[in-house]
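To start, the structure itself, in structure tokens.
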Amino acid sequence: MPKQSHHKDLEFQLEDAGGTTRTFKSFDEACGLAVSISASTGKEVEVNVLAWSKGAAKAWAGDYGIEQYEEDPEASVHDRIVIRAESQGRIA
């Protein structure tokens with residue numbers, strides 16, 4: 001998971017239940033919506049991490065993030081997280 005989830009050049013993007021692309025500056029907000037969508041639809045939701053600078057890549061994944069960014073600085077998605085919320089049934 002991320003070192004930091006806040007940086008001016010770091011964004012989190014997903015499609016909402018209606019198919020509209022939503023972009024957030026906050027990892028927590030993006031993941032909160034993803035969990036809600038997944039729980040209500042039963043489907044996985046992809047949260048794309050968009051790092052628009054080396055600083056953002058470093059904030060997200062440290063030195064490894066910088067290496068990944070330098071390999072392809074034009075990549076539209078720096079990282080992807082799949083969120084799946086499923087009911088386990090009643091627990092007694």
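This model, with +1 at the C-beta of Lys and Arg and -1 at the C-beta of Asp and Glu, gives the chain a dipole about its Cα centre of some 420 debye.
Ignoring aspartates and glutamates fewer than eight residues from K43 along the same chain, the ones with Cα atoms less than 15 angstrom from its Cα are E15, D16, E86.
The Cα center of segment 7-43 and the Cα center of segment 67-89 differ in position by 12 Å. Only protein heavy atoms count here; on that basis, with a 1.4 Å probe, R84 has an accessible area of about 150 Å².
Taking the longest Cα principal axis of the chain as reference, the axis of helix 54-71 is set at about 70 degrees.
Charges on Cβ only, +1 for Lys and Arg, -1 for Asp and Glu, centred on the Cα centroid of the chain; of C31, Q13, S76, which one is farthest towards the dipole's positive end? Of C31, Q13, S76, it is C31.
Multiplying the residue separation of E70 and K43 by 0.36 nm and removing their Cα-Cα distance gives an extension gain of 6.4 nm. Annotation: T20 carries an accessible surface of approximately 80 Å², with a 1.4 Å probe and no ligand, DNA or RNA atoms counted. Under a Gaussian network description of the chain, with springs only between Cα atoms under 10 Å, the residue in V35, V82, V45 that fluctuates furthest is V82. Rolling a 1.4 angstrom probe over the chain with all protein chains present gives an accessible area of which 45% lies on carbon and sulfur atoms.
Using Cα-only point scatterers and the Debye equation, what is log10 of I(q)/I(0) for the chain at each q in 0.24 Å⁻¹, rounded to two decimals? Taking Cα atoms of the chain as identical point scatterers yields -1.12. What you get for segment 28-76, charging only the Cβ of Lys and Arg (+1) and of Asp and Glu (-1), is a dipole of about 220 debye around the Cα centre.
The values are calculated or read from the model by the stated rules, or taken from the named source; none is laboratory data. What you are looking at is a predicted structure, and each value in this text was computed from that prediction instead of being measured. A quick note on method: Cβ atoms are made from the backbone with ideal geometry, for glycine too, and the neighbour counts reach across all protein chains shown. For accessibility, only protein heavy atoms count, side chains too; no ligands or nucleic acids. Shrake-Rupley method; radii C 1.70, N 1.55, O 1.52, S 1.80 Å.
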